[in-house]
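The values are calculated or read from the model by the stated rules, or taken from the named source; none is laboratory data. What you see is a predicted model, and the numbers here were worked out from it, not measured in a lab. Counting neighbours? That spans all protein chains shown, and the Cβs are built from the backbone with ideal geometry, glycine included.
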Amino acid sequence: MKYKLVFSIFFIGLVVILISIKPLGRVFYTLKYDEFISKYSMEYSLDPFMVASLIKAESNFDSNAKSHRDAYGLMQITAETGKWAAGEMKIENFNSDLLYDPEFNIKMGCWYLSKLKRQFNGNMNVVLAAYNGGSGNVQKWLNSTKHSSDGQNLDYIPFKETDKYVKRVNTNIKIYKFLYIGIKK
């Protein structure tokens, strides 16, 4: 009888914890700007959870973020990359202040991810490495047997920051999918 009571209390406690995990997790893994993430993920054929996860890793959803490398906004786009991307996207009158605008930043970031996705044949780990470490560096790594055994996948990423970044974004994707799949707004 005593064991049944202990088991019942344990079981009820476990159910309460499992029910509260997602709401608590959503406090730490917020999903701001989801309307822009959904819109531009769809427009550029990207996984919205990957875009949210990248934003989490880049700026933690702070639209005013500026890095020590002069990258701006949610998806941490540099002025140089922004100027180049604006030309490719046929955006006139680009200035780096636009990168602080959440919708503009997400649109440009998704456009750039889509370009990298085409360049690297849809290999999203390589795309993430290129987003963080530069597409030129990633292309060199893919051409080196020291870093890639097949020229398509990275077996070894020599930039520790980029290696950690790819792992962090992939972990974030799993967490976001766990916390937000099936949520109705």
* With N153, N172 as the choices, which residue is in contact with a Lys or Arg (Cβ under 7 Å, 6 or more places away or on another chain) and either farther than 23 Å from N60 by Cβ or in a helix (DSSP H, G or I) (or both)? -> N172
* From the list K115, K140, K56, which one is assigned by TED's automatic domain parsing to the domain that holds D163, in contact (Cβ under 8 Å) with a residue 40 or more places away in the chain and either of a type outside the set (G, A, S) or outside any loop (DSSP other than H, G, I, E, B) (or both)? -> K56
* Structure fact -> Cβ pairs under 6 Å, 6+ apart or interchain, first in segment 167-178 and within 21 Å of Y156 (Cα to Cα) and surrounded by fewer than 19 Cβ atoms within 10 Å (Cβ to Cβ), second modelled with pLDDT of 95 or more and of a type in the set (A, V, I, L, M, F, W, C), ordered by first then second residue, are R168/A57
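Is there a residue being at pLDDT below 95 and either in contact with a Phe, Trp or Tyr (Cβ under 7 Å, 6 or more places away or on another chain) or under 28 Å from N121 (Cβ atoms) (or both) anywhere in segment 41-60? Walk me through it before giving the result.
First, the residues of segment 41-60 that are at pLDDT below 95: none.
Within segment 41-60 (the criterion being at pLDDT below 95 and either in contact with a Phe, Trp or Tyr (Cβ under 7 Å, 6 or more places away or on another chain) or under 28 Å from N121 (Cβ atoms) (or both)), the answer is no, since none of the residues qualifies.
Test G82 against the stated conditions and say whether it is over 17 Å from the mean Cα position of the chain (by Cα), small (G, A, S), part of a helix (DSSP H, G or I) and crowded, with 18+ Cβ neighbours inside 10 Å.
So G82 passes the test.
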* Would you please name the residue that is farthest from N64 (Cα to Cα), looking only at residues in segment 20-36 that are among the hydroxyl-bearing types (S, T, Y) and in contact (Cβ under 8 Å) with a residue 24 or more places away in the chain? => Y29
* To do: Kindly check whether there is at least one residue in segment 98-107 that is more than 21 Å from N64 (Cβ to Cβ), assigned to a helix (DSSP H, G or I) and at pLDDT 95 or above.
  => no
* **Residue tally, condition among the β-branched types (V, I, T) and in contact with a helix residue (DSSP H, G or I) (Cβ under 8 Å, 6 or more places away or on another chain), over segment 139-162** => 2
* **Among the residues listed as S96, S135, the single one being closer than 24 Å to K32 by Cα and surrounded by fewer than 20 Cβ atoms within 10 Å (Cβ to Cβ)** => S96
